[in-house]
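Since every read-out is calculated from the coordinates, none of them should be taken as a lab result. Just so it is clear, the structure is predicted and the values come from calculations on it, not from any experiment. Note that each Cβ is placed from the backbone with ideal geometry, even for glycine, and that neighbours are counted across all protein chains shown.
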Amino acid sequence: MDKIFITRKLPEEIVQPLREKFEVNMWHSEETPMDYEDIKKEAKDVHALWTVLSDKVDRELIESLPNLKIISNLAVGFNNIDVEAAKEKGVMVTNTPGVLTETTADLTFALLLATARRITEAEQDIRAGKWKSWTPMQLTGMDVFGATLGIIGMGRIGEAVARRAKGFNMKVLYHNRTRKLEAEQQNNFTYVELETLLQESDFVVILTPLTPETKRMIGKKELGLMKETSALINVARGGIVDEQSLYDALLNKRIWAAGLDVFETEPVPLDHPLLTLPNVTVLPHIGSASIHTRLAMMQINAKAIENVLEGQEPDNRVV
Ligand code: DGY
């Protein structure tokens, strides 16, 4: 019987159908991640490895699992997996695109609005007893309606964010590796060079995958091009932004604010300098976190594993 190992405790309703056909073992905790050596040990003779985005699946791990046929990652991003090593070993890698598009776009917009209107800061003030009177300029933020939105990475989620922006009468600019001519016409957004996007946007939203090309693509120079009144929103991967440069830009009011759902190190350490700034709105990587969407993502992983172990081609194959 083929063996599956799941690196995080998942709802039994998802796992049970797999148990009827395969031997399934699963980490005991939903909250505590497995460490690298534990994954190596627990997965040593498995045919399928079901991972989450915080698991590091590098060449050494892949090469230590001789029976492995598939790694199925509970995320659309797969920067945690050495896909080249997987490809060389003939191991398939699958992800969960599509089902999380609208949910992640909702969260992107929520974070953009919260950052613009200082929502979390306002709530913290009330709870800390700081609401003494209605004050003319207290907690004043930036308007979203009619502002210019710059999207870096115009994939499915980018397009879904751009559609939401229409309702706010926003002008939408985007920068992407390739132009999306049909979508440009349908949704009325405009392709520009990165430099122009940074210079002209009131809200710069990062939605590009983390790859060697995009690592730290937003640093001192790029932040220096942004408007002093603008905000940076990152819902992609922390590693795309140079966090020290972002901290400096926010501290020195080079840019106005940031909304971050992702960090270079997750969970973000409590003593991280960005957490000391009032003009930073932070979330714990919850882009796709609706009940419906997380369950749909899990169904996709389960199906891909079932397909591969039954000798069929899985959907959403990355390599
Ligand atoms: C993903 O799927 O890559 C997202 O970051 C999850 O929220």
Problem set entry | P(r), alpha carbons of the stretch 118-192 - 5 Å bins starting at zero, rounded % | 3, 14, 21, 15, 9, 9, 10, 9, 6, 3, 0
For this session: Using only Cα atoms, find the angle between the long axis of helix 101-116 and the longest principal axis of the chain, and express it within 0 to 90 degrees, rounded to the nearest 10.
Result: 30 degrees
Exercise. Nearest 10 degrees, 0 to 90: what angle lies between the long axis of helix 291-309 and the longest principal axis of the chain (Cα atoms)?
Worked result: 30 degrees
Problem set entry | Ellipticity estimate at 222 nm from DSSP helix runs (n ≥ 4, -39,500 (n - 2.57)) divided over the chain, nearest 500 | -10000 deg cm²/dmol
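Taking only the alpha-carbon atoms of the stretch 101-282, what semi-axes of the equivalent ellipsoid follow from 5 times the gyration tensor eigenvalues under a square root, in whole Å, largest first? Can you show the working numbers first?
Details: eigenvalues 138, 76, 43 Å².
In descending order the semi-axes read 26, 19, 15 Å.
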Problem set entry | Cα centroid separation, the stretch 11-69 to the stretch 233-312 (Å) | 23 Å
Exercise. What are the principal axis extents of the Cα atoms in the chain, in Å, biggest first?
Worked result: 69, 49, 33
Problem set entry | the chain: angle of helix 156-167 to the longest principal axis, Cα-based, in degrees nearest 10 | 30 degrees
Problem set entry | D125-M1 FRET efficiency (beta carbon distance; Förster radius 41 Å; 0.05 resolution) | 0.10
Problem set entry | Isotropically averaged projected area of the stretch 1-149, using the convex hull of Cα atoms (one quarter of hull area), nm² | 13.4 nm²
For this session: Starting with the highest mean, order 184-197, 244-257 by the number of other Cβ atoms within 10 Å, averaged over the residues of each peptide.
Result: 244-257, 184-197
Exercise. Considering the chain as a Gaussian network with a 10 Å cut-off on Cα pairs, which listed residue, N301, N95, N169, attains the greatest mean-square fluctuation?
Worked result: N169
Exercise. Which lysines have a Cα less than 20 Å from the Cα of K253, not counting those fewer than 8 places away in the same chain?
Worked result: K220, K221, K227
